[in-house]
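Colleague: Below is the structure I would like to discuss, written out as structure tokens.
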Amino acid sequence: MKIAGIVLAGGQSSRYGQPKMFEMFAGQPLYKHSLIALQKNQLDPLIIATNAHLQYQFGQENVQWVIEKQPHQGPLFALHHIMTVYPDVEWFFVVASDMPYMNAEFIQKMLGLINDTYDAIVPTQALRDQPLAALYRRTALPKATQLTAQNKRSMKVLLEQLRVCYVPFDDDSSTFININAQQDWSQTSKKEFNDE
């Protein structure tokens, strides 16, 4: 069974003011924390989904690239595009590029829950679903196709139409902290980012 690891890194970072996935945290660009967590679990292929404007800013990574034809359409469009480009992959582990505490242990725990009775495996924390740190099965593609054709963009709407295994995580787990605005760094214990 093929399981792809995907870093979603095509967002506008409009609230942040500059491409946040390249900000430095704990000695690495932000996107790299998600990539390393997937790499450590030997997921293959490893994919960075981004747009042509951002691609050149990434380092030399041993990954495959999915470049959005129309940038900034959101994660549902990106997931649909990736599933279409990789027809031989059964499961897609999607992780956002702005999660400083993403880690291999979390990825491993989620992979252990893979089960053919589900179309998606989604962590929840404090009653909030985390669709951008989740597994999606190929069986979700027809629904994703239908929604994107209707120009729907919400991952929540997709999940409402799938057989989902929701996985609760402790409220105090830092795994799902994400950086949307400059002040979000206050949630992290160690602010290490460039002022460039």
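The values are calculated or read from the model by the stated rules, or taken from the named source; none is laboratory data. None of the values given here were measured: they were computed from a predicted structure. Virtual Cβ from ideal backbone geometry, glycine too; neighbours counted across all protein chains shown. Heavy atoms of the whole protein, side chains included, go into the accessibility calculation; ligands, DNA and RNA do not. Shrake-Rupley method; radii C 1.70, N 1.55, O 1.52, S 1.80 Å.
Colleague: If T50 satisfies all but one of (1) closer than 23 Å to F176 by Cβ; (2) surrounded by fewer than 21 Cβ atoms within 10 Å (Cβ to Cβ); (3) not aromatic (F, W, Y), what's the number of the condition it fails?
Modeller: In the conditions (1) closer than 23 Å to F176 by Cβ; (2) surrounded by fewer than 21 Cβ atoms within 10 Å (Cβ to Cβ); (3) not aromatic (F, W, Y), T50 misses (2) alone.
Colleague: Do the conditions hold for G10, that is, is it more than 15 Å from I107 (Cα to Cα) and open to solvent by 20 Å² or more (accessible area, probe 1.4 Å)?
Modeller: No, not satisfied.
Colleague: Separate question: Residues that are in contact with a Pro (Cβ under 6 Å, 6 or more places away or on another chain), of a type outside the set (G, A, S) and farther than 24 Å from E160 by Cα: does segment 61-75 have at least one?
Modeller: yes
Colleague: I'd like to verify a number: residues in segment 45-63 that are farther than 25 Å from A26 by Cβ and either aliphatic (A, V, I, L, M) or modelled with pLDDT under 95 (or both), how many?
Modeller: 3
Colleague: Go through segment 102-119 and report how many residues are at pLDDT below 95 and within 26 Å of W185 (Cα to Cα).
Modeller: 0
Colleague: Taking the criterion of being in contact with an Asp or Glu (Cβ under 7 Å, 6 or more places away or on another chain), part of a loop (DSSP other than H, G, I, E, B), under 21 Å from I82 (Cβ atoms) and at pLDDT below 90, would at least one residue in segment 174-194 satisfy it?
Modeller: Yes: segment 174-194 contains one or more residues that are in contact with an Asp or Glu (Cβ under 7 Å, 6 or more places away or on another chain), part of a loop (DSSP other than H, G, I, E, B), under 21 Å from I82 (Cβ atoms) and at pLDDT below 90.
Colleague: Restricting to segment 68-85, count the residues that are touching a helix residue (DSSP H, G or I) at 6+ places or on another chain (Cβ under 9 Å) and either at pLDDT 90 or above or of a type in the set (D, E) (or both).
Modeller: Count: 9.
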